[in-house]
Amino acid sequence: MSEIAIIMAAGLGSRMRPLTDNIPKPLIRVHGMPMIETVIKGLEKRGMSQIYIVTGYLAEEFGYLRKKYDNLSIVENPDYKTRNNISSIYAVSDIMGYDNCFICEADLYVSDETIFQAELTQSCYFGKFIKGYSDDWVFDQDQNGRIIRVGKVGTDRYNMCGISYFQADDAALIADEVRKAYEVPGNEQLFWDEIVDRNLDRLNLCVHPVRDDQIVELDSVEELRAFDPDFEKYIGVTDER
């Protein structure tokens with residue numbers, strides 16, 4: 001079965017201000033390359049039939065990617081200012097369920113593209129094992145490795161790292177449940193992963209382990225500076241756009 005990828009790039013990137021006052025966080029260059037392109041290049045090597053980027057904040061800045069990558073489409077999320085990231089999955093819910101599907105965050109620095117070459121035989125979240133307490137998104141698993149909770153806070157758990165993979169039937173289920181939830185008042189601030197958590201009894205999800213150095217999440221200017229001390233020399237570079 002063919003595979004598609006959805007890359008969520010609609011957010012404001014407020015924790016990375018002032019860098020994100022004029023550029024979306026996924027387009028900030030790390031070691032010379034926009035973060036989103038480290039994700040795209042890894043997906044391209046796997047052979048995606050189509051990559052969909054969901055944009056919102058400063059959406060026009062992503063336009064150059066359509067010229068650079070032949071199989072890439074941009075979908076605008078009109079609700080990114082008023083709703084949480086459930087709105088980005090809602091924006092592409094009509095194309096989900098026909099193919100196996102990666103769902104990726106756009107503000108990741110993928111330092112090892114081979115993570116996308118893994119043989120994935122069931123729906124899964126990519127996860128980093130964190131020893132000790134974590135207040136981030138984590139996965140609880142049963143003795144067989146099946147995910148039984150997706151939520152914040154845990155100890156000695158695999159942590160979410162921004163990449164997931166769903167078989168077509170599971171992607172269709174998630175899209176349908178997102179559409180249902182989207183119409184219910186009070187659900188405006190849901191994360192799409194909360195929809196997954198609500199339906200774990202209908203999804204057979206596992207964790208696909210990755211190493212800490214294969215995917216790097218940079219949430220602040222301080223973290224960016226520590227990871228790439230030379231990042232400032234790339235600010236304003238537009239030669240690839």
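Worth pointing out:
- Virtual paramagnetic centre 7 Å along Cα→Cβ of His31, amide N under 11 Å, in the range 1-16: none
- GNM flexibility winner over the chain from Gln122, Gln214, Gln143 (Cα, springs under 10 Å): Gln143
- 222 nm mean residue ellipticity, helices alone, for the chain (DSSP H n ≥ 4; -39,500 (n - 2.57); rounded to 500): -6000 deg cm²/dmol
- Spin-label pair Glu76-Leu12: with each label point 7 Å from Cα along the Cα-Cβ axis, the two points sit 2.0 nm from one another.
- Evaluated at q = 0.11, 0.14 Å⁻¹: base-10 log I(q)/I(0), Debye formula over Cα of the chain: -0.55, -0.93
- For the chain, accessible area per residue (1.4 Å probe, heavy atoms of protein chains only), Å²: 46 Å²
- Under 25 Å from Lys81, Cα to Cα: lysines that are on another chain or at least 8 residues apart: Lys25, Lys152, Lys180
- Exposure here means at most 10 other Cβ atoms within 10 Å; with GluC sites (Glu not before Pro) in a DSSP loop as sites, the longest stretch of the chain lacking them is 1-118.
- When a 1.4 Å probe is rolled over the protein heavy atoms, the share of accessible surface on the chain that falls to carbon and sulfur comes to 45 percent.
- A straight chain from Glu119 to Lys152 at 0.36 nm per residue would run longer than the Cα-Cα distance by 9.1 nm.
- Listed residues Val150, Val75, Val184, most fluctuating in the chain (Gaussian network, C-alpha, under 10 Å): Val184
- In degrees, nearest ten, helix 168-182 long axis to first principal axis of the chain (Cα): 80 degrees
- Considering only alpha-carbon pairs that sit under 8 angstrom and 6 or more positions apart, the relative contact order computed for the chain is 25 percent.
- Nearest 10 degrees, 0 to 90: helix 35-46 Cα axis against the chain principal axis: 60 degrees
- Residue among Gly127, Gly151, Gly63 with the largest mean-square fluctuation in a Gaussian network model of the chain, springs linking Cα atoms under 10 Å: Gly63
- Phi-based couplings in Hz for the range 54-71 (Karplus 6.51, -1.76, 1.60; Gly and Pro marked x): 9, 10, x, 5, 6, 4, 5, 5, 8, x, 4, 5, 5, 6, 7, 10, 5, 9
The values are calculated or read from the model by the stated rules, or taken from the named source; none is laboratory data. Not measured: the values here are computed from a predicted model. FYI the Cβ positions are ideal-geometry reconstructions off the backbone, even for glycines, and counts take in every protein chain you see. Please note that ligands, DNA and RNA were not included when accessible areas were found on the heavy atoms of the full protein model with its side chains. Shrake-Rupley method; radii C 1.70, N 1.55, O 1.52, S 1.80 Å.
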